[in-house]
Structure formats: C-alpha cells, structure tokens
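Data first, discussion second: the structure below is written as structure tokens.
The values are calculated or read from the model by the stated rules, or taken from the named source; none is laboratory data. What you are looking at is a predicted structure, and each value in this text was computed from that prediction instead of being measured. Positions of Cβ are backbone-derived with ideal geometry, glycine not excepted, and every protein chain shown enters the neighbour counts.
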C-alpha cells in the first residue's frame with residue numbers, strides 16, 4: 001500500500017499516529033460511555049464500528065480520508081480494548097486463581113487476528129496483483145472477518161450484561177483512582193506505546209528492505225501472532241505474583257531486546273527470534289497494567305484506572321510512528337528508527353521499576 005500510493009515513511013507512520021489519536025480520544029470518552037451503555041454493549045458495539053471503519057480503508061487512495069478513517073477506527077478500538085479489559089478483570093475477580101491467565105487470554109486473543117491477517121493478506125495481494133490498487137481487497141476481506149468475529153462477541157456480552165446489576169456503580173470512580181499514585185507505571189506504559197508501535201508499524205518494511213521474501217515475511221508475522229496467542233499462559237504467574245511495577249518493567253525490557261534485534265542483524269534465526277519474543281511479550285505489557293489496576297484498586301475504580309492507562313498508552317502511540325518514520329526517512333533508515341524504539345522501551349522499563357504497590 002505504501003509503495004502503490006508513494007508514501008514516505010513519515011506519512012506511513014502518520015497513519016498509525018492518526019489511529020493512536022483516535023485511540024486517545026476513545027479512551028477519554030469510554031468512562032462516560034460505560035456509565036451510559038455498560039461495558040458489554042461497548043465491547044460488541046465498538047467491535048462492529050471498528051470492523052466498519054476498517055472496511056473504509058479499501059475505498060480511498062487519498063491520504064486525508066485515510067487519516068480520518070484511521071482516527072475513527074482508533075476511537076472504536078479503544079471502546080473494545082477498555083470494555084473487554086474491564087470484563088476480563090471482573091471475570092478474574094470471580095475466579096481469582098486464574099485471574100492472570102484470564103487477562104492474558106483476553107489480550108492474547110489478538111494473536112489469532114494477527115495469524116489470520118498474516119495468512120490472508122499475502123494470498124489476497126497475490127490474487128489481486130494485476131488489479132489497480134489490489135491491496136483494497138485485503139481491507140475488505142479483513143473487515144468481513146472482523147464482522148464475523150464481532151458477531152461471536154454478542155453472546156458473551158449478553159451473559160456479562162447480567163453482571164451489571166451486581167457490579168459496583170461507576171459514579172464513585174474518581175474517588176478510587178488518583179493518577180499520582182500510578183505516575184511511574186503510567187510513564188513506563190506511555191513509553192511502551194512510543195516504542196512498541198514503531199516495531200509493529202515498520203518491521204515488515206524493514207524485512208522487505210533487507211531482502212526477505214514474501215513467504216519469509218508471512219512466516220515471521222504468523223509466528224509472531226501465535227506467540228501473542230500463547231503469551232497469556234506464559235506470563236499468567238508473573239501477573240498474579242506482582243502487585244507493583246515489576247511485571248511492566250520486565251516485559252518492557254524484554255520487548256526492547258526484541259525490537260533492537262532486527263536493527264543489529266539480518267541473520268534469519270535471530271530475526272525470527274525477535275518476532276517470537278515480541279509476540280510473546282507485547283500484549284502481556286497491556287495485561288500487566290490491567291493487573292496492576294486490579295491488584296491495587298477497588299472494583300469501582302477499575303474502569304477509570306484502565307481508561308487512564310489506555311489514554312497514556314495512546315498518547316505514546318501518537319508520537320511513536322511519526323518519530324520513527326521521520327528518523328527512518330533520514331540517514332540510517334529503519335535501523336535507526338528501531339534503535340529509538342528500543343531505547344524508549346528500556347527507559348519505560350526503568351521508570352516502571354519505581355512503581356510501588358498501593359496495598
């Protein structure tokens with residue numbers, strides 16, 4: 001898509017920046033929407049909207065409408081992310097012996113989508129390569145796939161809606177969450193947003209620039225997705241054990257190592273290892289902040305806590321792709337961009353070590 005439309009790395013990064021800005025706006029609006037509609041309705045409603053906005057990507061070739069589409073998709077995705085995280089935390093409270101695993105399974109489920117996209121997109125690109133803007137079909141098929149997945153969400157959302165009468169009212173949220181108590185965790189998480197998104201935005205472009213074949217890129221991305229899916233079980237114990245910022249710190253540090261590997265070597269086993277490690281870690285960082293909120297706050301404050309962490313995460317994502325793209329357009333290319341991403345992740349790890357448990 002970047003090659004067909006003649007985008008610079010800066011403009012390609014700006015697409016993810018627009019998505020992150022929408023994510024930020026969605027995170028700010030979610031607590032209010034949650035009080036009006038409830039988390040289950042936001043979960044499946046946001047999923048349907050995100051699917052619709054994804055499909056719009058196939059209808060435009062100009063940058064301006066694509067930037068707007070990405071922003072709207074970010075708003076809808078934030079609703080899914082926060083509402084689903086809150087419901088996973090509530091489910092964990094009902095089954096405390098499996099709380100870390102349940103959080104990890106929710107966020108790790110994203111890995112299935114990554115695997116599907118890794119298998120579908122190259123096949124569709126090959127099928128439509130003779131057509132003008134053949135990449136549009138990939139967006140349309142992925143949107144249809146997401147709509148089907150959204151339909152699957154309706155039943156569990158209805159079941160979880162029955163919990164609403166038993167759940168604490170959200171009106172007292174402001175009394176339970178004070179961002180100053182989580183300042184180091186929030187800072188570490190915002191730098192995670194800065195660092196991880198550079199890898200996810202540009203690693204395929206880097207592999208292509210290094211001469212990797214389409215088949216190799218497909219294997220890389222599919223294995224990354226499988227690692228994401230497995231990550232919930234890998235880190236469940238870590239999320240259950242630590243009530244402070246140690247889980248966030250360790251996972252950020254590992255992610256920095258995964259991010260810098262493709263910048264240091266083109267040796268395929270290490271590059272593949274980078275993808276596996278990245279997949280096994282990056283959404284567990286998200287789960288670690290939800291676990292931090294759940295460990296340290298009363299249930300009435302969980303929505304506000306998760307929303308605030310999501311907002312700073314989105315703020316980091318707003319800056320990350322554009323900065324990495326700008327660096328990649330200069331001397332050193334994508335290699336220097338990924339070095340910047342790794343440095344941001346390691347700084348986030350250092351800050352997270354200062355986050356103390358509140359209880």
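Data for the structure
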quantity: Qualifying residue in region 290-298 (condition: assigned to a helix (DSSP H, G or I) and within 26 Å of residue 126 (Cα to Cα)); calculated: no
quantity: Residue that is more than 13 Å from the chain's Cα centre (by Cα), part of a helix (DSSP H, G or I) and surrounded by fewer than 22 Cβ atoms within 10 Å (Cβ to Cβ), where the choices are 68, 87, 102; calculated: 68
quantity: Unmet requirement for residue 275, which otherwise passes all of (1) modelled with pLDDT of 90 or more; (2) surrounded by fewer than 22 Cβ atoms within 10 Å (Cβ to Cβ); (3) farther than 30 Å from residue 93 by Cβ; calculated: (2)
quantity: Residues of region 325-351 satisfying the condition of being closer than 16 Å to residue 207 by Cα and part of a helix (DSSP H, G or I); calculated: 325, 328, 333, 334, 335, 336, 337, 338, 339
quantity: Unique residue being within 19 Å of residue 91 (Cβ to Cβ) and out of contact with any helix residue (DSSP H, G or I) (no Cβ under 6 Å at 6 or more places or on another chain) when the list is 41, 29; calculated: 41
quantity: Only listed residue being assigned to a helix (DSSP H, G or I), modelled with pLDDT of 90 or more and within 18 Å of residue 99 (Cα to Cα), chosen from 238, 226, 250; calculated: 238
quantity: Residue that is nearest to residue 306 (Cα to Cα), among those in region 131-176 that are modelled with pLDDT of 65 or more and assigned to a loop (DSSP other than H, G, I, E, B); calculated: 163
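A quick yes/no check of all residues on (1) touching a helix residue (DSSP H, G or I) at 6+ places or on another chain (Cβ under 8 Å); (2) under 30 Å from residue 91 (Cα atoms); (3) crowded, with 21+ Cβ neighbours inside 10 Å; (4) free of Cβ contacts under 8 Å to residues at least 24 places away in the same chain:
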| position | (1), (2), (3), (4) |
| --- | --- |
| 279 | yes, yes, yes, no |
| 285 | yes, yes, yes, no |
| 295 | no, yes, no, no |
| 298 | yes, yes, no, no |
| 317 | yes, yes, yes, no |
| 324 | yes, no, yes, no |
| 327 | yes, no, yes, yes |
| 338 | yes, no, yes, no |
